[in-house]
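Okay, structure first, notes after.
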Amino acid sequence: MPNTGANAYPSRYRWLGLLGSLALAAGALTAGARPAADTGPTLRASGGAGTILVFAGIAALTAAWLLLGRPEPGQPPPGTRWLTTTLAWWAAPLLLLPPLFSRDVYSYLAQGAMLAHGLDVYTHGPADLGGPTAAQIPPVWQHTPAPYGPAFLLLARAAAPLAEHPWAGTLVLRLAAVLAVAALAALLPALARTFGADPAAALRLGALNPLVLLHLIAGAHNDAPMAALLLGGLLAAARRHAALGAALVTLAALVKAPAALALPVVLLLATADRDRPAQLLTAARAVAATALTVAAVTAAAGTGYGWIAALTTPATSTSWSLTSSLGRLAADLTGTAPDGAVTAARMLGLACAAGTIGVLAWRVARRQGDPMTALAVAFAALVVLGPAFRPWYALWAVLPAACTVRTPAVRTPDVRTSVVRTSPVHRSIELWCAALAFSVMPDGFSPDGAELLLAVGGFVLGAAAVLAAERGTAFRQRQLAC
């Protein structure tokens, strides 16, 4: 049982993360993605202080998360129960805030209201709804159809009665995201045990990840229910419940389409070590469950199958991605029009992603690779090479990867100096997630020079506070050792 004294590992990092969440909460009140009617002159004037607090909070929260992954010599790493409690501590200050880092949740609210009013969300944008809900959405998305599946639109429609009250409506959608994150906290350790990985390490890398706290909870993104359904389906499949696993993963894909990448993994997990007739029967059940789920959810939503044609909605001409940037660079170097170069680069990226996914599928089908690792790499290829990138998309790959973490103890002659080390691959994942945590401004818009300076100032303030606290702790430990 870890020492839980105020200055002992890991308790001090729990408190450090809580301090970061509290700073985020304070900063969000003025710098977050508030409803448009709430951003009066006083709030705008105090937004600079809010930005500093938000980035200082991110620095403290991210540092606490990283340091929890480095147990001190002679100290056992925290277990799943302790980490689950820590997740609740860190998440609690973020529950009642205005949205942070994105205004997407207002689009969700508008799309739910459109569905409730009988508008076709796959051919119309929020501008056709009008009113205070549509006013919260940036102009670039006002005429954009919904890119989400009917399962999520049913969830968004549940918040439609509060659409005229954006703050209350977003809280309902955040509640759905929080429940999904709670499900992730239960599913990640269970999947890790199933695949012989470290359940506590899976929980820390997955559910306590700053991207989960910042974007799935504070941002209320629908990637949360997608991920929970996805992991639930994989766990069901691993336990040989093929139809249930296929139905859950299909529901995840009917929230956001990329989750469909996991359907072949469901088949592989559910049919492992079975004879040929049993494999065929299991596959038939999974396919039937998928078809029935699609038909039932689509009928319940009353949307038809227009969501299939709307799958490219996130990739506007201004969407950022690696391939878009390469296309614009090629256009600048050749003096050609950027639109054609960007489109070509995106198509090439998708082709490379498809090739990567195909190779992974071939290897796993021949039982030459771990299905969860292959799924994580497949999602990573889609995220990196796809036409649009958002920091929270990284979680599509991180969450399956978290279920493969193995952290063997590295023993030394003195047991008091034994440590637990994470693999270089998973450590790299942690560092990338930490970097992405700082990549978006709290209001979700692109920053100007002054806002960048405020963000850097907040980061420096938070980092300095963390370093001072760590040095103070080290000094006290040396004093006690004397």
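Quick notes
- Qualifying residue in the stretch 119-133 (condition: farther than 21 Å from S446 by Cβ, part of a helix (DSSP H, G or I) and under 22 Å from the mean Cα position of the chain (by Cα)): no
- Flag for G112 being in the same structural domain as A158 (by TED's automatic domain parsing), assigned to a helix (DSSP H, G or I) and within 20 Å of the chain's Cα centre (by Cα): no
The rows are residues; the columns are (1) over 15 Å from Y108 (Cβ atoms); (2) assigned to a helix (DSSP H, G or I); (3) free of Cβ contacts under 8 Å to residues at least 60 places away in the same chain.
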residue	(1), (2), (3)
V172	no, yes, yes
P189	yes, yes, no
G196	yes, no, no
H215	no, yes, no
G233	yes, yes, yes
R240	yes, no, yes
A247	yes, yes, yes
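- Considering only residues in the stretch 440-474 that are loosely packed, with under 13 Cβ neighbours inside 10 Å and within 23 Å of G69 (Cβ to Cβ), the one that is modelled with the lowest pLDDT turns out to be A474.
- Residue check for L311: part of a loop (DSSP other than H, G, I, E, B) and either modelled with pLDDT under 90 or not hydrophobic (A, V, I, L, M, F, W, C) (or both): yes
- Residues satisfying the stated conditions in the stretch 358-400, i.e. under 17 Å from V425 (Cα atoms) and touching an Asp or Glu at 6+ places or on another chain (Cβ under 7 Å): L395
- If you check A257, A220, A278 for being farther than 30 Å from A33 by Cβ and either surrounded by fewer than 24 Cβ atoms within 10 Å (Cβ to Cβ) or among the small types (G, A, S) (or both), only one passes: A278.
- Sole exception among (1) in a helix (DSSP H, G or I); (2) out of contact with any helix residue (DSSP H, G or I) (no Cβ under 6 Å at 6 or more places or on another chain); (3) under 23 Å from A388 (Cβ atoms) for P277, by number: (3)
- Any chance T373 is within 22 Å of the chain's Cα centre (by Cα), under 20 Å from L234 (Cβ atoms) and of a type outside the set (G, A, S): yes
- Index of the failed condition, S319 passing every other in (1) outside any loop (DSSP other than H, G, I, E, B); (2) modelled with pLDDT under 85; (3) of a type outside the set (V, I, T); (4) outside the structural domain of A260 (by TED's automatic domain parsing): (1)
- Of all residues in the stretch 148-158, those being within 16 Å of L119 (Cβ to Cβ) and not aromatic (F, W, Y) number 5.
- Residue within the stretch 134-154 that is surrounded by fewer than 20 Cβ atoms within 10 Å (Cβ to Cβ), modelled with pLDDT of 90 or more, assigned by TED's automatic domain parsing to the domain that holds A299 and more than 30 Å from R14 (Cβ to Cβ) present: yes
- Scanning the stretch 25-78 for residues that are in a helix (DSSP H, G or I), crowded, with 18+ Cβ neighbours inside 10 Å and modelled with pLDDT under 80 yields a single hit, G47.
- The one condition from (1) on the phi < 0 side of the Ramachandran plot; (2) surrounded by fewer than 16 Cβ atoms within 10 Å (Cβ to Cβ) that D273 does not meet is (1).
- Exactly one residue out of A201, A237, A227, A183 is surrounded by 24 or more Cβ atoms within 10 Å (Cβ to Cβ) and at pLDDT 95 or above: that is A227.
- The stretch 386-424: number of residues that are of a type in the set (S, T, Y) and modelled with pLDDT under 55: 3
- F101 in contact (Cβ under 8 Å) with a residue 60 or more places away in the chain, crowded, with 23+ Cβ neighbours inside 10 Å and assigned to a loop (DSSP other than H, G, I, E, B): yes
The values are calculated or read from the model by the stated rules, or taken from the named source; none is laboratory data. Remember, it's a predicted structure, so these values are computed and weren't measured experimentally. A quick note on method: Cβ atoms are made from the backbone with ideal geometry, for glycine too, and the neighbour counts reach across all protein chains shown.
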